[in-house]
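The values are calculated or read from the model by the stated rules, or taken from the named source; none is laboratory data. Quick caveat: nothing in here was measured; it's all calculated off a predicted structure. Note: ideal-geometry Cβ built from the backbone for every residue, glycine included; neighbour counts use all protein chains shown. Areas reflect the complete protein model, heavy atoms only, side chains present, ligands, DNA and RNA absent. Shrake-Rupley method; radii C 1.70, N 1.55, O 1.52, S 1.80 Å.
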Amino acid sequence: MAALKEKRTCGQRCEDFGRFVWNSDNGTSFGRTPEKWVYISLYYVAFYVVMTGLFCLAIWTLMYTLDPYTPDYQDRLPSPGVMVWPDKYDEEHIVITYNSSDKASWSKMSSCLHNFLGQYNDTLQKDCDHNCTKGKYFMQDKFLPGTHTKESCSFSVSQLGNCSGLHDPTFGYNCDMPCVIIKMNREGEENVKKIEYFPENALMDRSYFPYYGKLAQPNYLNPLVAVRISLTGKRSAKFQCRVVADKITYENIHDPYEGKVVFTLQNLHVPSNPSSVHHHSSAL
């Protein structure tokens, strides 16, 4: 009958571990001689150097085949989205609410528009003052020498007229004639007494298109349309801003913001003598 294995003490186990770390009898460390550890280290160093080189070569080959100005793969929507400012609303329901009798309320709206339109400053746009022919697409087949970029047509804030903030820094939010900044045309419903468009007829000139990308046109700014709305009655109206152009759709039920945006403009101020309700409807 085999004898039971003798139970080793803690001191004996520590002694065995120390001998495993360094065995002076056969000159090994962790079971291998220093010579073998050198060979193993060199092998793994060479292995990871080769793997790193192959990875860098694969990345370089991929980047070499891609043109940063014309990507091979694009996930952009076939139709552009439309946005509206002031953007003081949540993501699902666009309701622009303000109180014309509360300075803190309408100041938030005017500050939002001032911040957004800051990039359209007339002084900053002088660098983009090129020979843009109105009514014609600004086609550019070649890049500018030196910078390898393309020119952009200027769109200055002064083109927004009474909604530029230059004449009325409140943008009409201290009364019943607020301004909203959009990118395309719109449809209105009721409680609207008067509507003004800036630029005239809410048109975007063809000279701002096509857009060649941020890298090719670093100074490009989207053309804008400002709408000055005179609210009346309940001082609340719903609008739809949509793109009116060939090959651009706005009836995608899966993406309600493709080619259009729907928002509600509401003034919470209640005057002492409310005016009668007027009906205004238009389609562009």
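Points to keep in mind about this one:
- A residue that is within 18 Å of Thr133 (Cα to Cα), open to solvent by less than 50 Å² (accessible area, probe 1.4 Å), hydrophobic (A, V, I, L, M, F, W, C) and not in a strand (DSSP E or B) occurs somewhere in segment 199-215.
- The condition of being out of contact with any strand residue (DSSP E or B) (no Cβ under 6 Å at 6 or more places or on another chain), over 30 Å from Cys132 (Cα atoms) and modelled with pLDDT of 75 or more holds for only one of His269, His254, that being His269.
- Failed item in (1) under 21 Å from Val261 (Cβ atoms); (2) surrounded by 22 or more Cβ atoms within 10 Å (Cβ to Cβ), with Arg228 passing the rest: (2)
- Test: residue in segment 136-143 that is open to solvent by 100 Å² or more (accessible area, probe 1.4 Å) and touching a Phe, Trp or Tyr at 6+ places or on another chain (Cβ under 7 Å): yes
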